[in-house]
1. Identify all residues within region 17-27 that are out of contact with any Leu (no Cβ under 8 Å at 6 or more places or on another chain) and surrounded by 11 or more Cβ atoms within 10 Å (Cβ to Cβ); write none if there are none.
2. Which condition does residue 202 not pass, out of (1) more than 25 Å from residue 157 (Cα to Cα); (2) modelled with pLDDT of 80 or more, if it passes all the others?
3. Take the residues in region 205-252 that are among the hydroxyl-bearing types (Ser, Thr, Tyr) and farther than 12 Å from residue 280 by Cβ, then tell me which one is modelled with the highest pLDDT.
4. Is it the case, given these coordinates, that residue 160 is under 21 Å from residue 53 (Cα atoms) and among the β-branched types (Val, Ile, Thr)?
5. Consider residue 151 against the criteria (1) assigned to a helix (DSSP H, G or I); (2) in contact (Cβ under 8 Å) with a residue 12 or more places away in the chain; (3) within 27 Å of the chain's Cα centre (by Cα): it satisfies all of them except one. Which criterion is unmet?
6. What helices (runs of 4 or more DSSP H) completely inside region 1-65 contain at least 3 residues that are farther than 24 Å from residue 279 by Cβ?
7. Please work out which one of (1) closer than 30 Å to residue 30 by Cβ; (2) at pLDDT 95 or above is the condition residue 259 fails and give its number.
8. Would region 189-205 turn up any residue that is touching a residue at least 60 places away in the same chain (Cβ under 8 Å), farther than 30 Å from residue 295 by Cα, surrounded by 12 or more Cβ atoms within 10 Å (Cβ to Cβ) and of a type outside the set (Gly, Ala, Ser)?
Amino acid sequence: MLAKFSFSPSQLLDEAAAESGEGQGYLGPGLFLTSPALVISTGLTIFFGTAGLPHILMRFFTVPDGKAARQSVVWTIGFIGVFTLIVTIIGFGARALMTGDGATEAVGDGGNLAAPLLAQFLGGGEGSAGGDIALALFSAAAFATILAVVSGLVLASASTIAHDVYANVIKNGEDIDETRVARIASVGLATFAIVATLLVGSGFNVTVLVSMAFVFAASANFPALLLALTWRRFNTAGALTGVAFGVIASVVMILLSPPVWPGPDSEGSPSSLTFPGLVTIPIGFLGCWIGTMLTRTTEEKRTYDELLVRSETGLGSEGADPRRAPRRRGAAAAAAATMLPK
């Protein structure tokens, strides 16, 4: 696509602005992010939401040690940065190149077909061999990506229901077949997701729907994760309260946001924040603080010290007991072990 504009990003942006009907205003703020609060809220939601997405966090369980985990983070940051840049270029390219009659109608009410139709256009257009092949390749890649994300979400959710909720809460630690429970939970979650998708309909912009996951991750998961690493007093009750506050606040604010209330991409919604992280993230932190301050336990201080030593030194990250490290790792391990409570 960049070859169409002599590999010049500025030429691409100018052409997209000219074809948008908004002139140079198309390249400035105010068309989608209509206020400074919405700009800040969107940035916070996507930034902190990425750190709290469960199907991304679970990838840390696939690395053998702390060093590999840190390397994985560096590679992940690089891939996310490149991906974000590519999405930006594709978006402006679609606006600049797809200018014929009926182009707006072809991409759908929510604009969901802009990227696959752009691939078809670059391959030679509708009806051409290159265009059909490009469209098929894009569709296959999109399907594989969706399958990977959905499978990760189902696995994370099913394991949580089977292990955390059913085994440890409902059955109170009894010996049960968690695999069987996870399979049932997977089927139930998949069925619920399919029905919910059908109810949503085709008018929603898929990008907005996907980005709503960032709202939940930033508001419910991220505050608990951050405080577990930084606040010595933080405990389980605080985490549960923070997650509950974040989820409830996210649901309420999403229902009141412009993409949902009173209809897809309509006007007159009570909230102007499409991505309400500016409101929901502080509520998540507030829930964590309230839950922690209203309960008093001593176990979290001990576990926090162990986590601190492990995160700063790497001792015990391979599954060993840091208290036994002095006999194997010399003075550095002995010094680290003295930081742990007796």
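1. Looking only at region 17-27, we keep the residues that are out of contact with any Leu (no Cβ under 8 Å at 6 or more places or on another chain), and these are 18-21, 23-24, 26.
The answer is 18, 19, 20, 24, 26.
2. (2)
3. Among those residues, the one meeting the criterion is 241.
4. yes
5. Against the list (1) assigned to a helix (DSSP H, G or I); (2) in contact (Cβ under 8 Å) with a residue 12 or more places away in the chain; (3) within 27 Å of the chain's Cα centre (by Cα), residue 151 comes up short only on (2).
6. Answer list for region 1-65: 9-20.
7. (2)
8. So far as region 189-205 goes, yes, one or more of its residues are touching a residue at least 60 places away in the same chain (Cβ under 8 Å), farther than 30 Å from residue 295 by Cα, surrounded by 12 or more Cβ atoms within 10 Å (Cβ to Cβ) and of a type outside the set (Gly, Ala, Ser).
The values are calculated or read from the model by the stated rules, or taken from the named source; none is laboratory data. This one's a predicted model, so the numbers in the text were calculated from it and none came from an experiment. All Cβ positions, even for glycine, are placed from backbone atoms using ideal geometry, and neighbour counts span all protein chains on display.
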